[in-house]
Amino acid sequence: MKNMSVRRGTFRLCVLTLSMWLVTAAARADAVLDWNTITVNTAVANKQNAFAQARYAAIVQLAVFEAVNAITEDYEPYTGSITAPPGASPEAAAIEAAYKVLSVYFPVPATQAALLADRTSSLALIADSQSKLDGIATGDAAALAIIALRANDHSSPAQFKIPGQAVPGEWQATASCPIVNGIAVGVAYQWQNITPFGISNASEFLLPPPPALTSREYAKAYNEVMAVGGIDSTERPKDRADVALFFAATSPTQAFNQAARQVAEEQGRSLPENARDLALINMAISDSLVASFLNKYHYNFWRPETAIHAGATDGNSKTEADPDYAPFIVTPCFPSYPSNHGSASSGAAEVMRRLYGEDGHAITLTNAAVPTIVLQYTSFRQITDDISDARVYGGIHFRTDQEAGTRLGRAVGAAVYKNNLHSVHEDD
């Protein structure tokens, strides 16, 4: 009788699984990837800066993960507060979770209309049923739970850094800095205090200080960026100019989500895998930026253009000043060490090499903002290496900033991967 009961239970499970498949077969298997594209594009269209893009993407992807995982139960949950009715559609849950988060954070009427149109067309691919309704309800619950969790994460109100006196090595405002109360200030000062998504505390990732101004290491980094990073440099090859321009226009969130979608499709990752993978990747990007800002404002190190203008004051006989130096791309308005792009990109790359493998991929990065530049890669290291070059050849970072960002991002990415969203299957 016991064996008969087991067989009947197995049969009912098979029927339930088949019915769920039939209900959702018409839905696109990559609903998670589709709404990842919509998420990134929505933040960019609403003119969010690179670190705000990272925060929004992490919130959306965690909501999508929590919604899908409440149904499939493949991984340890993030909040553990979401339950789903048996047979709920994970595709509908993913669509609704992303839509709900984006509709709350981007209330501009044109954006609302576009999001509603995307939601309507996505859900139309799923046959009307109780499964679909239950999936939508699960997506709503997951979205609201994650939104509530991030309501007081210290990302706002905006805070600014007032520069101190012009002391060698200390950050000073550059041309891009906004004027607040008559003073040019540093932006995103509050970002160092944001509650992380996947690490316990950004202060655990404090880097060693930047090289001393009198050191050979500093002189080497100084002379490299002065030679190749100036607006009129003759030592910058076209391919390095291209990567500088591309990654000036392309945030780590844009680049690495685009890469992740291509690799996920290439490897045939499942819907639950995509939901978990994109959550981890975007958690790592955002947390790496939080840790990067903590280090930036802790060390308050000057930017190359400030340093090169004041090269005669740094106490290093191997650094010659150039008062006319101007960088190839615009210097961001916060301290130099470490590189935000380097930190966030290395955080993403560290998670992705653990998920997908380091190389053997076919990745093409594009951005409509720089339509004539197309970058192709077979490994994640190639992307992060180009980003390091992009900031040096762009004239806005020392090579030592990039190296520090690489170390920081790898450490944060490793911690996010190791400590979050583990598989519940022993053989994984």
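Since every read-out is calculated from the coordinates, none of them should be taken as a lab result. Just so it is clear, the structure is predicted and the values come from calculations on it, not from any experiment. Cβ atoms come from the backbone with ideal geometry, glycine included; neighbour counts cover every protein chain shown.
Working note: Debye formula, equal point scatterers on the alpha-carbon atoms of region 307-360, no solvent; log10 I(q)/I(0) at q = 0.24, 0.29 Å⁻¹ is -0.98, -1.11.
Three semi-axes describe the equivalent ellipsoid of region 69-224; taken as square roots of 5 times the Cα gyration tensor eigenvalues and ordered largest first, they are 46, 21, 15 Å. The modelled label-to-label distance for the pair Asp153/Leu116, using points 7 Å beyond Cα in the direction of Cβ, is 2.7 nm.
In deg cm²/dmol, rounded to 500, what helix-only [θ] at 222 nm does the chain give when every DSSP H run of at least 4 residues adds -39500 (n - 2.57) and the total is split over its residues?
On the way: 14 runs with 240 residues, N = 428.
Computed ellipticity for the chain at 222 nm equals -19000 deg cm²/dmol.
Counting every pair of alpha carbons in region 205-258, the share spaced more than 19 Å apart comes to 53 percent.
In nm, what is the difference between 0.36 nm times the number of residues separating Ser270 and Glu73 and their Cα-Cα distance? Walk me through the numbers on the way to the answer.
Values: separation 197, 0.36 × 197 = 70.92 nm, distance 1.35 nm.
Result for the pair: 69.6 nm of gain on full extension.
Evaluate the charge dipole of the chain about its Cα centre and quote only its size in Debye, nearest 20, assuming +1 on the Cβ of each Lys and Arg and -1 on the Cβ of each Asp and Glu. Before the final figure, lay out each step's value.
On the way: 31 positive and 42 negative charges, 121 e Å.
About 580 debye.
On average, how much area does the Cα convex hull of region 100-159 cover when viewed from any direction, in nm²? Don't skip to the end; give the middle numbers.
Values: hull surface 19.9 nm².
Averaging across all directions leaves 5.0 nm² for the Cα convex hull.
Note: relative contact order over the chain, using C-alpha pairs below 8 Å and six or more positions apart, is 20 percent.
Full extension of the chain between Asp359 and Ala249 gives 37.1 nm of extra length, using 0.36 nm per residue less the Cα-Cα distance. Summary of the geometry: region 182-253 and region 86-150, compared by the centres of their Cα atoms, lie 37 Å apart.
Going by average Cβ density within 10 Å per residue, which order do the peptides 168-177, 382-391, 397-406 take, highest to lowest?
397-406, 382-391, 168-177
Here is the result for region 224-261: no chymotrypsin sites (Phe, Trp or Tyr not before Pro) lie in DSSP coil with at most 16 other C-beta atoms within 10 angstrom of their C-beta.
3J(HN,Hα) along region 201-211: 7, 5, 5, 6, 10, 6, 7, x, x, x, x Hz, from the Karplus curve 6.51 cos²θ - 1.76 cosθ + 1.60 with θ = phi - 60°, whole Hz, x for Gly and Pro.
Based on every Cα atom in the chain, Rg and the maximum pairwise Cα distance Dmax equal 23.5, 90 Å.
Modelled spin labels at Ile183 and Ala368, positioned 7 Å past Cα toward Cβ, are 4.1 nm from each other. Restricting attention to the chain, lysine pairs at least eight places apart or on different chains and with alpha-carbon atoms under 27 angstrom apart total 10. The dipole here belongs to region 287-428: it is taken about the Cα centre, uses +1 on the Cβ of Lys and Arg and -1 on the Cβ of Asp and Glu, and is about 200 debye. Here region 50-124 yields Rg over Rh of 1.00, to two decimals, using C-alpha coordinates and the Kirkwood radius.
Taking other C-beta atoms within 10 Å as the exposure proxy, Val32, Val104 rank Val104, Val32 from fewest upward.
Relative to the longest principal axis of the Cα atoms of the chain, the long axis of helix 50-72 lies at roughly 20 degrees.
Simple spin-label estimate for Glu403 and Lys418 gives 2.4 nm between the two label positions (7 Å along the Cα-to-Cβ direction from each Cα).
Note on region 140-224: Cα-only Rg and Dmax are 18.3, 57 Å.
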